[in-house]
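Below is one structure. I have some questions about it.
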Amino acid sequence: MNHIADWRSLFPFQSREIMLGGHRCHYVDEGEGEPLLLVHGNPTWSFYWRNIIGPLREKYRLLAVDLIGLGLSEKPSPKEYSYRLERRAADLNEFIDKLNLEGITLVAHDWGGGVGMGAAVAAPERFARFVLMNTAAFLAPKCPLAIRVCRIPGFGKVAVQGLNMFVRAALKKTVAKPERMTPAVRAGLAAPYDSWRNRTGVLRFVLDIPLGPKHPTYAVLQNIERGLAQFRDRPVCLIWGMQDWCFTPWFLDRFIEIFPHAEVHRFDDAAHYVVEDAHERIVPLIDEFMGRHPPAESPI
């Protein structure tokens, strides 16, 4: 069976490109109306959002960006691109500026939360609502052993870039419903990461997790965390796969502390790739959330 053809049929959206900071960024832009900006994490890409884009593009404008080094975007070397959170947030702000997006609803997963909220803290006037799923935008007290192992000098590079262990593990350890990870879905999620060079961004994302104050991203993430409180009066929806071993319920509780008025949806039968496990329930939740919080009327 041709799984390459199969996964492409699951992702029937027009590919678009834009230059961000001198690097080619792939994205999809489907539908019209209020913009929903979909930001993925590691090692996913815009393919992860396919079951959100399809149903909601009839009512909204869905923009799913592939972060530089991931998905179908350019994969520069670390000498050409910093692969730091600060740069990624700046890239996203450049994307927003070039497309002149206003009244954005951020929909973020995994480290897309850090990147997306980093962009929001830098340009709060551009963002109207937030939908956050199994993610973080603040410092955490610990990091899972499986992630820390991938950061071991030498070993991590061979394991992640050479043996593709991070992507392979993500295909097995991120869902509560393994039957949904069909050969075509697995092929689609893994498609951009088919060589040592094409897995550069996967490794660099892992290495950019700040485990201590000496890490260059520690202060950046700390600053993003401090900036979150300004959004307490804006609509926030938290959607969580409770079986996530990485972004555990602790992260959800931390978001609730920051956004005490947020709408919270806990899925006990979903894991880290919550959209794979529960997209049928997530789509109406987002649509209803948007309907309950219409855009503010422009002053006459």
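Within the range 232-300, list the trypsin sites (Lys or Arg not before Pro) lying in a DSSP loop whose Cβ has at most 16 other Cβ atoms in a 10 Å radius.
Values: sites: ARG232, ARG254, ARG266, ARG281, ARG292; in loops: ARG232.
When the trypsin sites (Lys or Arg not before Pro) of the range 232-300 are filtered for loop state and at most 16 Cβ neighbours within 10 Å, ARG232 remain.
Where a ≥ b ≥ c are the square roots of the eigenvalues of the C-alpha gyration tensor, would you call the range 1-154 rounded, which needs a/c under 1.5, or, failing that, prolate if a/b is larger than b/c, or oblate? Numbers along the way, then the final one.
Details: a/c = 1.44, a/b = 1.16, b/c = 1.24.
In terms of gyration-tensor shape, rounded.
Moving on. Rounded to the nearest 0.05, what FRET efficiency do GLN222 and ASP253 have when you use their Cβ-Cβ distance and R0 = 22 Å? Walk me through the intermediate numbers first.
On the way: r = 19 Å, r/R0 = 0.87.
Here the calculated transfer efficiency is 0.70.
So what is the relative contact order of the range 1-70, in percent, for Cα pairs below 8 Å that sit 6 or more residues apart? If you can, show how the numbers build up before the last one.
Numbers: 109 pairs, mean separation 24.6, N = 70.
In percent, rounded to a whole number, it is 35.
Now, a different point. Distance check, please: which entries in LYS157/LYS214; LYS59/LYS177; LYS98/LYS173; LYS75/LYS142; LYS79/LYS214 exceed 31 angstrom between their Cα atoms? Numbers along the way, then the final one.
Values: LYS157/LYS214 21 Å; LYS59/LYS177 29 Å; LYS98/LYS173 37 Å; LYS75/LYS142 29 Å; LYS79/LYS214 21 Å.
Pairs exceeding 31 Å: LYS98/LYS173.
Based on Cβ point charges of +1 for Lys and Arg and -1 for Asp and Glu, what charge dipole magnitude is obtained for the chain about its Cα centre, in debye rounded to the nearest 20? It would help to have the intermediate numbers written out before the result.
Numbers: 36 positive and 34 negative charges, 255 e Å.
Charge dipole, the chain, about its Cα centre: 1220 debye, nearest 20.
Next question. Give the carbon-plus-sulfur fraction of the accessible surface of the range 120-240 in %, rounded to a whole number; probe 1.4 Å, heavy atoms of protein chains only. Could you put the intermediate results ahead of the total?
Working: 3110 of 5460 Å².
Of all accessible area on the range 120-240, carbon and sulfur atoms account for 57 percent.
Still on this structure: Out of the GluC sites (Glu not before Pro) in the range 1-66, which ones are loop residues according to DSSP with at most 13 other C-beta atoms within 10 Å?
Passing sites in the range 1-66 are GLU32, GLU58.
Now for a different question. Have a look at the DSSP beta bridges in the chain and tell me what percent are antiparallel, nearest 5. Walk me through the numbers on the way to the answer.
Details: 9 of 34 bridges.
Percentage antiparallel, nearest 5: 25.
What number, in percent, do you get for the relative contact order of the chain if the mean sequence gap of Cα pairs under 8 Å and at least 6 apart is divided by its residue count?
Working: 533 pairs, mean separation 58.8, N = 300.
Once normalised by length, the contact order is 20 percent.
Can you give me the accessible area per residue for the chain, using a 1.4 Å probe, in Å²? List each step's numbers first, then the result.
Numbers: 12830 Å² over 300 residues.
Per-residue value: 43 Å².
Tell me which of PHE13, GLY241, ILE209 sits at the most positive position along the dipole axis of the chain, charges placed on C-beta atoms (Lys, Arg +1; Asp, Glu -1).
ILE209
Counting only helical runs of four or more DSSP H residues, what would the 222 nm mean residue ellipticity of the chain come to if each run contributes -39,500 (n - 2.57) and the total is spread over all its residues? Mind dumping the intermediate values first?
Working: 11 runs with 109 residues, N = 300.
So the calculated ellipticity at 222 nm is -10500 deg cm²/dmol.
Under the Kirkwood approximation for Rh and a Cα-based Rg, what ratio Rg/Rh is obtained for the chain? Show your work: numbers first, answer last.
On the way: Rg = 17.9 Å, Rh = 19.2 Å.
Ratio of gyration radius to Kirkwood radius for the chain: 0.93.
If I compute solvent accessible area with a 1.4 Å probe over the protein chains, what percent of it on the range 1-112 is carbon and sulfur?
Numbers: 1970 of 4220 Å².
On the range 1-112, the fraction of accessible area on carbon and sulfur atoms equals 47 percent.
Still on this model: Over the range 1-134, what relative contact order in percent results from Cα pairs under 8 Å that are six or more residues apart? Present the calculation step by step, with values, prior to reporting the outcome.
Details: 234 pairs, mean separation 33.7, N = 134.
It comes to 25 percent, rounded to a whole number.
The values are calculated or read from the model by the stated rules, or taken from the named source; none is laboratory data. Please read all numbers here as calculations on a predicted model, not as lab measurements. Every residue, glycine as well, gets a Cβ built from its backbone with ideal geometry; the counts of neighbours run over all protein chains shown. In case anyone asks, the SASA skips ligands and DNA or RNA and just uses the protein heavy atoms, side chains included. Shrake-Rupley method; radii C 1.70, N 1.55, O 1.52, S 1.80 Å.
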